[in-house]
Structure formats: structure tokens, C-alpha cells
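Working notes for the structure below.
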Amino acid sequence: MKYHNDKIVYECVVGSIVGFAVLMGYIGLLAFLSFLMAFLARSLPDNFNEAKLITFSMLIFCAVWMAFIPAYVNSPGKYADAVEVFAILASSFGLLVALFGPKCYIILLRPERNTKKAIMGRGTTKTEM
């Protein structure tokens, strides 16, 4: 019996191009439909102004993922995983900031606008001097 003292290096096989295209197409389709619905709903009354925030957050999401595709394709080996993780974190952070940033701003920095009258647009939001 002969034994070889050679190094064995395991390498991950790069995923299929068809699978990557299907995955990106599905994510793109969902993002486009969400953006389209939010864009069409932005003309609803002010009580339903959430659509403007969703539209902006979907723009951020699409921009991050459009930048992700060339970066991922051109990244070698283990760096492709880091690019993917960064894209996921960046799009999640963008969605959270775009959706909840304005709400946190009003709650923390402008509490006089955090009343039912101010939200419904019937009261004044300026403080009297």
C-alpha cells in the first residue's frame, strides 16, 4: 500500500450561471413590482403617505442590488461571499433608514408633531411664542 503526503485542497465549485440569473431575476421582479405598486400609490391622501417612504426605500434597494451584480461577478473566490454579505447588509440598512428614519425623527426630535391632530393634518405644528 502506498501513501502520498500531498496536500489536498478543496475548492467550492462556482454556482451555475442559470441559477444566479434566476435568483437575481426573481429578486429583481419582486423589487420592481414593489416599486411599481408604491409609485402608483404615492398619490393617495396624506393619511396614507407610507407609499412615498416605500418608493424611496425600493429605489435604495434596487440601486444596491444593481451595483452588487457587477461587483459579485468580478469578485474572485471568497471575496464574492463578502460582496454578497455587504450587499445584503447595505440594502437592509437602506430599507430600515428609509422606512423608519422619518418616524424616529418625528418621535425623538419633533415631539410636537407626534399628535393626532398633526398626523391628521388638522392642527398646527408650530409652537406659539
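Could you tell me which residue of the stretch 32-65 is modelled with the highest pLDDT, considering only residues that are surrounded by fewer than 12 Cβ atoms within 10 Å (Cβ to Cβ) and in a helix (DSSP H, G or I)? My answer is Leu33.
In the stretch 98-115, of all residues being touching a residue at least 12 places away in the same chain (Cβ under 8 Å) and not basic (Lys, Arg), the one that is least open to solvent (accessible area, probe 1.4 Å) corresponds to Ala98. Candidates in the stretch 81-97 are the residues that are β-branched (Val, Ile, Thr) and under 25 Å from Leu23 (Cα atoms); of these, the one that is surrounded by the fewest Cβ atoms within 10 Å (Cβ to Cβ) is Val85. Please determine whether any residue of the stretch 1-23 is surrounded by 14 or more Cβ atoms within 10 Å (Cβ to Cβ), basic (Lys, Arg) and at pLDDT below 80. So far as the stretch 1-23 goes, no, none of its residues is surrounded by 14 or more Cβ atoms within 10 Å (Cβ to Cβ), basic (Lys, Arg) and at pLDDT below 80.
The values are calculated or read from the model by the stated rules, or taken from the named source; none is laboratory data. Given the structure is predicted, the values throughout are model-derived calculations rather than measurements. So basically every Cβ, Gly included, is an ideal-geometry build from the backbone, and we count neighbours across all protein chains shown. What goes into the accessible areas is simple: the full protein's heavy atoms, side chains included, and nothing from ligands, DNA or RNA. Shrake-Rupley method; radii C 1.70, N 1.55, O 1.52, S 1.80 Å.
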